[in-house]
Amino acid sequence: MKLCTMGLGYIGLPTSLMFAKHGVDVVGVDIHPDVITKLNNGKLHIEEPGLEEVLNEVLDAKRFRATLDPESADVFIIAVPTPNNEDQHQSCDLTYVMQATSRILPFVQKGNVIIIESTIAPRSMDDHIKPLIEMTGLTIGQDIFLVHCPERVLPGRILEELVHNNRIVGGITEACSYKGSLVYETFVKGEIIRTDAKTAEMSKLMENTFRDVNIALANELAKVCFQLDINVLDVISMANKHPRVNIHQPGPGVGGHCLAVDPYFIVAKAPEEARIIKLARDTNVSMPYYIVNCVRMLLEGIRKPKVAVFGLAYKGNVDDIRESPAIDVVNILMSMDNVEVSLHDPHVQSGKMPVVSVDDAVKDADLILVLTDHNEFKEMDYDKLSNKMAHKMVLDTRNCIDANKHNIKIANLGNVFE
Ligand code: SAJ
């Protein structure tokens, strides 16, 4: 089998490499020449545990190569970004998916399977992608097979989840679903569930929406508890002792290219009905302002305070800063008069943001503000670090540091003003 993947980002690359590892001849296509050069030289442009080893393994076996242009294959996978449009409800921008799909059309032949893995708004397959493919003159379900198989892997655990997660294969026809499922049987050990395209689209969106709404509930609870002088983290751990309750963790907000983006695709399609989903988004978007307010209160009375921000990535142990709430917090802090801000993130390369070493970041700082739960931050000796600070204050917005291990107070969202 030969596979041609369009898009070599956080999803397209690991997926391509996994197919190659399991004997498929893979050509990966990306529009960025520097990405192509790096990958063909065995170097990654993204951070993901274990991935570079697999890249080198499949390069050595000559099962994978990266290139700028698509070519004929048995199976095509489209894994390009679907950002939000800048319209009222932030609907799904299908531009990249349509462009990538158009680019493979000259190479599509009878018998091919075309798979859309990008997350897309409900009905995108039926209303937009199907008509585009039909321009080839080939009959879907007979000559070629079109499916939506949404990716569901968790950054940081992609290699494991690619193999073990269940997969939803939503075909335009039943024959499409069947052909699509055969492709994933190459390496997927989880259940491969066949359905239609629109059910697959909506299921994927609701998975991320479910999580976003639950995090919003935790964030709302944090605000309510703050008003009432109750420790939100204690409340969550008590309530979660109930066998059917699982309140999520409050924090500086929700980031990444999934949870902070996908729920809007549903809202945009049914704004009158999708009210809880929209409110949850608004709550999560408000969290950076809430955090800055906490910071402002902690720094009250200090004439020209310095805040050392620990963590820019949207979550722990990844280098991805897309939609990161930490970036929003930093931007608000930087817009404030008289506040100096230093940035430290061991996973984010300088260039994307002006990050500095831990020592430079904390020197003369009044507050360490932990915004990302990287392992490095959990293991630091804050007593030692605080000796370099003007004031010994730490606010751990992710509740990731063991406060009992330190003499200085490590505040979190539950006890920030105790
Ligand atoms: N977060 C909280 N509180 C929590 C849990 C998470 O504030 O209790 C924050 C994180 O810090 C982060 C954001 O939410 O900023 C999202 O992180 P995440 O780990 O929940 O999810 P992602 O965006 O890395 O990956 C999600 C996953 N979806 C679900 O778990 C339902 C993954 O399986 C999907 O494949 C991925 O989206 C995707 O690509 O759609």
Sorted by chain and number, the residues with a modelled amide H under 5 Å from that of Met393, at a separation of 5 or more or across chains, are Ile368
Quick one: which residues, 5+ away or cross-chain, put their amide H under 5 Å from the amide H of Val341? H built at 1.01 Å from N. Val307
With springs only between Cα atoms under 10 Å, which of Val224, Val213, Val58 fluctuates most in a Gaussian network model of the chain? Val224
Using only Cα atoms, find the angle between the long axis of helix 325-335 and the longest principal axis of the chain, and express it within 0 to 90 degrees, rounded to the nearest 10. 50
Please get the size of the charge dipole for the stretch 1-117, origin at its Cα centre, with Cβ charges of +1 on Lys and Arg and -1 on Asp and Glu, quoted in debye to the nearest 20. 480
Ranked on Cβ counts within 10 Å of their own Cβ, fewest leading, Glu53, Glu323, Glu300, Glu161 go Glu300, Glu53, Glu161, Glu323
If you take the beta carbon distance between Gln99 and Arg303 as r and set R0 to 60 Å, what does 1/(1 + (r/R0)^6) give as a FRET efficiency, to the nearest 0.05? 0.70
When His89, His164, His374 are ordered from fewest to most other Cβ atoms inside 10 Å of their Cβ, what list results? His164, His89, His374
Cα gyration tensor of the stretch 325-411, axes a ≥ b ≥ c as square roots of the eigenvalues: rounded (a/c below 1.5), prolate (a/b > b/c) or oblate? prolate
From phi via Karplus (6.51, -1.76, 1.60), per-residue ³J(HN,Hα) for the stretch 274-282 in Hz, x at Gly/Pro: 7, 7, 5, 4, 5, 4, 4, 4, 4
So for the chain, averaging the separation of alpha carbon pairs under 8 Å that are six or more residues apart and normalising by length, what relative contact order in percent results? 11
Cα shape, the stretch 273-349, gyration tensor, a/c 1.5 rule: oblate
Placing each pseudo-label 7 Å from Cα in the direction of the beta carbon, His45 and Arg275 end up separated by a distance in nanometres of 4.5
Using label points projected 7 Å from each Cα along Cα→Cβ, tell me how many nm separate Ala390 and His32, to one decimal. 3.7
About the Cα centre of the chain, what is the dipole size in debye to 20, counting +1 per Lys and Arg Cβ and -1 per Asp and Glu Cβ, all else neutral? 320
So how tilted is helix 95-104 from the main axis of the chain? Cα-based, degrees 0 to 90, rounded to 10. 30
For Lys43, the lysines lying under 20 Å Cα to Cα, once residues fewer than eight places off in the same chain are dropped, come out as Lys21, Lys62, Lys352
From the Cα gyration tensor of the chain, with a ≥ b ≥ c the square roots of its eigenvalues, which class applies: rounded if a/c is under 1.5, or else prolate if a/b is larger than b/c, or else oblate? prolate
Using the structure shown, select from Lys315/Lys392; Lys223/Lys388; Lys278/Lys409; Lys38/Lys130 the pairs with a Cα to Cα distance greater than 28 angstrom. Lys223/Lys388; Lys278/Lys409; Lys38/Lys130
Assuming R0 = 51 Å, what is the FRET efficiency of Asn407 and Phe187, from their Cβ-Cβ distance, to the nearest 0.05? 0.55
Amide H neighbours of Val26 under 5 Å, at least 5 residues apart or on other chains, H built in the peptide plane: list them. Leu3, Phe64, Arg65
List the residues of the stretch 165-182 whose backbone N lies under 13 Å from a point placed 7 Å from the Cα of Thr195 along the Cα-to-Cβ direction. 166-171
Asn240-Tyr289 pseudo-label distance in nm [points 7 Å out on the Cα-to-Cβ vector]: 2.8
If you stretched the chain out fully between Asp69 and Thr139, how much longer would it get, using 0.36 nm times the residue separation minus the C-alpha to C-alpha distance? 22.7 nm
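Bear in mind that the values in this text are calculations on the coordinates, not laboratory data. Keep in mind it's a predicted model, so treat the numbers as computed, not measured. Virtual Cβ from ideal backbone geometry, glycine too; neighbours counted across all protein chains shown.
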